[in-house]
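A.B. asks: Take a look at the following structure, please.
The values are calculated or read from the model by the stated rules, or taken from the named source; none is laboratory data. What you are looking at is a predicted structure, and each value in this text was computed from that prediction instead of being measured. Counting neighbours? That spans all protein chains shown, and the Cβs are built from the backbone with ideal geometry, glycine included.
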């Protein structure tokens with residue numbers, strides 16, 4: 001028998017990354033801006049998406065790709081606003097992968113879309129390592145979850161280009177140290193765009209929509 | 001949790017290469033994983049224990065080289081190794097930095113037992 005070392009130097013997630021790149025090219029060819037939205041369950045991803053649809057749907061055609069373990073509750077909620085939504089049920093997988101997005105794109109009218117928001121499975125860990133072909137990763141932390149989440153889950157806070165702190169209307173009720181949070185983010189992810197909002201009450205939503213509008217326009221230019 | 005997906009990808013890739021080389025067994029799998037990823041060694045080991053059963057890698061050893069984060073400051077040009085929790089330049093304090101290392105999720109190499117008449 002002979003022992004041989006064979007160099008591979010290969011990305012483990014090569015298959016996912018290749019498909020993600022194909023997705024990226026599809027988005028580019030149709031001029032669509034894509035946000036991969038991460039957070040824990042209950043932080044307000046769907047509410048934030050609804051608030052953004054309210055602000056942006058007059059000027060832009062939006063579609064939402066919903067990722068959940070089970071149920072199509074979220075996709076139905078989005079559809080009720082007249083916005084196209086595709087539900088992906090992972091059946092137990094804790095994150096979305098690019099192959100699932102690729103299939104979802106086949107049922108969307110890409111020719112007539114400006115913005116796609118992918119609501120990833122509610123999870124602060126697994127989705128981080130999986131490229132879906134998006135322009136940016138965005139992350140929502142809600143005030144009731146606590147200001148120490150960046151310390152406990154640095155990865156998701158670092159992966160996000162856009163960080164939203166939601167439910168700021170509840171600041172008087174919870175012990176959320178905004179200074180400590182801001183300080184931690186300045187070390188973990190100093191280049192992140194940070195927006196503090198209340199998706200349901202409206203605070204900060206216009207400014208957030210404006211920032212996204214600028215990104216959509218910049219991609220088209 | 002997602003270490004299972006990751007380990008499944010590893011197994012697919014290494015088995016394909018092992019078969020291309022007509023290997024009898026895979027003796028070792030050498031991975032390179034950056035500190036900035038969300039991969040946990042224990043979970044990876046556990047996933048490997050489960051997934052290697054009945055494959056060419058049944059008796060293989062899994063080695064993981066961890067890569068420390070390494071960045072370049074775009075303001076002063078300093079390059080520096082750092083912990084995942086602080087990305088700022090230690091020389092000038094700038095937050096405008098570019099990450100050069102630390103996000104690896106790679107199969108570096110595999111070690112194969114190839115019968116003499118096949119190599």
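A.B. asks: For segment B:99-116, which residues satisfy the criterion of being without any contact (Cβ under 8 Å) to a residue 60 or more places away in the chain and more than 10 Å from chain A (Cβ to nearest Cβ)? Spell out how you get there, then give the answer.
C.D. replies: Pass one, segment B:99-116, residues without any contact (Cβ under 8 Å) to a residue 60 or more places away in the chain: B:100, B:116.
If the condition is that a residue be without any contact (Cβ under 8 Å) to a residue 60 or more places away in the chain and more than 10 Å from chain A (Cβ to nearest Cβ), then B:100 is the only one that fits.
A.B. asks: While we're on this one: Between B:39, B:64, which is crowded, with 18+ Cβ neighbours inside 10 Å and in contact with a helix residue (DSSP H, G or I) (Cβ under 8 Å, 6 or more places away or on another chain)?
C.D. replies: Exactly one residue qualifies, and that residue is B:39.
A.B. asks: Within segment A:56-76, can you find the residues that are in contact (Cβ under 8 Å) with a residue 60 or more places away in the chain, in a loop (DSSP other than H, G, I, E, B) and crowded, with 16+ Cβ neighbours inside 10 Å?
C.D. replies: A:60
A.B. asks: The conditions are (1) under 26 Å from residue B:86 (Cβ atoms); (2) buried (at least 16 other Cβ atoms within 10 Å of the Cβ); (3) within 15 Å of the chain's Cα centre (by Cα), and residue A:194 fails exactly one of them. Which is it?
C.D. replies: (2)
A.B. asks: Taking the conditions exactly as written (modelled with pLDDT under 95 and part of a helix (DSSP H, G or I)), does residue A:206 satisfy them or not?
C.D. replies: Criteria not met by residue A:206.
A.B. asks: Considering only residues that are within 19 Å of the chain's Cα centre (by Cα) and loosely packed, with under 14 Cβ neighbours inside 10 Å, look in segment A:197-212 and name the one that is nearest to the other protein chains (Cβ to nearest Cβ).
C.D. replies: Just the residues of segment A:197-212 that are within 19 Å of the chain's Cα centre (by Cα), to begin with: A:197-200, A:204-212.
Next, from what is left, pick out any that are loosely packed, with under 14 Cβ neighbours inside 10 Å: A:206-207, A:210-211.
On the way: A:206: 27, A:207: 21, A:210: 23, A:211: 19 Å.
Only one residue tops the list, namely A:211.
A.B. asks: Is one or more of the residues making up segment B:97-119 out of contact with any strand residue (DSSP E or B) (no Cβ under 7 Å at 6 or more places or on another chain) and surrounded by 14 or more Cβ atoms within 10 Å (Cβ to Cβ)? Steps first, answer last, please.
C.D. replies: Let us first name the residues in segment B:97-119 that are out of contact with any strand residue (DSSP E or B) (no Cβ under 7 Å at 6 or more places or on another chain), namely B:115, B:117-118.
Narrowing further to those that are surrounded by 14 or more Cβ atoms within 10 Å (Cβ to Cβ): none.
For segment B:97-119, residues out of contact with any strand residue (DSSP E or B) (no Cβ under 7 Å at 6 or more places or on another chain) and surrounded by 14 or more Cβ atoms within 10 Å (Cβ to Cβ): absent.
A.B. asks: Return yes or no: is residue A:185 touching a helix residue (DSSP H, G or I) at 6+ places or on another chain (Cβ under 9 Å), surrounded by 13 or more Cβ atoms within 10 Å (Cβ to Cβ) and in contact (Cβ under 8 Å) with a residue 40 or more places away in the chain?
C.D. replies: Here the answer is no, as residue A:185 does not meet what is asked.
A.B. asks: Against the definition (under 15 Å from the mean Cα position of the chain (by Cα), more than 14 Å from chain B (Cβ to nearest Cβ) and surrounded by 16 or more Cβ atoms within 10 Å (Cβ to Cβ)), how does residue A:53 come out, yes or no?
C.D. replies: Yes: the conditions hold for residue A:53.
A.B. asks: Can you confirm whether segment B:67-77 contains a residue that is crowded, with 16+ Cβ neighbours inside 10 Å and at the interface with chain A (Cβ under 9 Å from one of its Cβ atoms)?
C.D. replies: Looking through segment B:67-77, none of the residues is crowded, with 16+ Cβ neighbours inside 10 Å and at the interface with chain A (Cβ under 9 Å from one of its Cβ atoms).
A.B. asks: Same structure, new question: Report those strands (runs of 3 or more DSSP E) wholly inside segment B:13-119 carrying at least 2 residues which are under 17 Å from the mean Cα position of the chain (by Cα).
C.D. replies: Numbers: elements: B:25-34, B:61-67, B:70-73, B:79-81, B:97-101, B:105-114.
Once the strands (runs of 3 or more DSSP E) in segment B:13-119 are filtered for at least 2 residues that are under 17 Å from the mean Cα position of the chain (by Cα), what remains is B:25-34, B:61-67, B:97-101, B:105-114.
A.B. asks: In segment A:15-45, how many are modelled with pLDDT under 95 and assigned to a strand (DSSP E or B)?
C.D. replies: Of the residues in segment A:15-45, 1 are modelled with pLDDT under 95 and assigned to a strand (DSSP E or B).
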